[in-house]
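> After the C-alpha cells below, expect a handful of questions from me.
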Amino acid sequence: GKLKRLGPYDCVVVDPPSYQKRSFVAEKDYVKVIRRMPSLLVPNGWALLCLNAPELDTDFLNEQVKYGAPDLCFVKRLENPPTFASAFPERALKVLVFQYRPSSDD
C-alpha cells in the first residue's frame, strides 16, 4: 500500500488503540504491526512503539518485538511527562524506542 510505497522511513511511530472492537486488539494484533517494521524502516531507523493498555506491561511489548521483528533492538523506555505521571508506571502509557539493526544473512 501507500505506506510501504512512500518508505522506507527513518522513524515510524506506532500508537494504536489498545482495543477497538472488530478492528484492533493489542494482545493479538500488535504483533502484526510489529512484523511490518523491517519493511518500513531504513537500516538503523527508529521505531517508537506506544501502548496504553493497563493490563499489558513493557514485557508484553518486548516479547512481541522479539517474536515479530527480532532485528528491532530495544533502546529505552521514554519517561512519561508529569501530566501522565502514575504511581504504577507499568499500568500507564508505555513508549518504547527500538532501533532496526538488520542482521546480514547474505
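Quick note: the coordinates plus some simple rules give every number you see, no bench work behind them. Please read all numbers here as calculations on a predicted model, not as lab measurements. Heads up, the Cβs are rebuilt from the backbone with ideal geometry, glycines too, and the neighbour counts pull from every protein chain shown.
> Can you tell me the dipole magnitude for the chain around its Cα centre, using point charges on the Cβ only (Lys, Arg +1; Asp, Glu -1), in Debye to the nearest 20?
That gives a dipole near 460 debye.
> Moving on to the next point. Can you give the net charge of the other residues whose Cβ lies under 15 Å from the Cβ of residue 54, counting K and R as +1 and D and E as -1?
Net local charge, residue 54 excluded: -3.
> Here's something else I'd like to know. Sort 78-87, 61-70 by the packing proxy (mean of other Cβ within 10 Å over each peptide's residues), most packed first.
Answer by packing, highest mean first, reads 61-70, 78-87.
> Which net charge results for the neighbourhood of residue 90, defined as the other residues with beta-carbon distances under 15 angstrom from its beta-carbon, given Lys and Arg at +1 and Asp and Glu at -1?
With Lys, Arg at +1 and Asp, Glu at -1, the net is -2.
> Would you work out which of 72, 99, 31 lies farthest towards the positive end of the dipole of the chain? Charges go on Cβ: Lys and Arg +1, Asp and Glu -1.
31
> Pairs 2/94; 2/32; 28/94: which are spaced more than 25 Å apart, C-alpha to C-alpha?
In this structure, 2/94 exceed 25 Å between Cα atoms.
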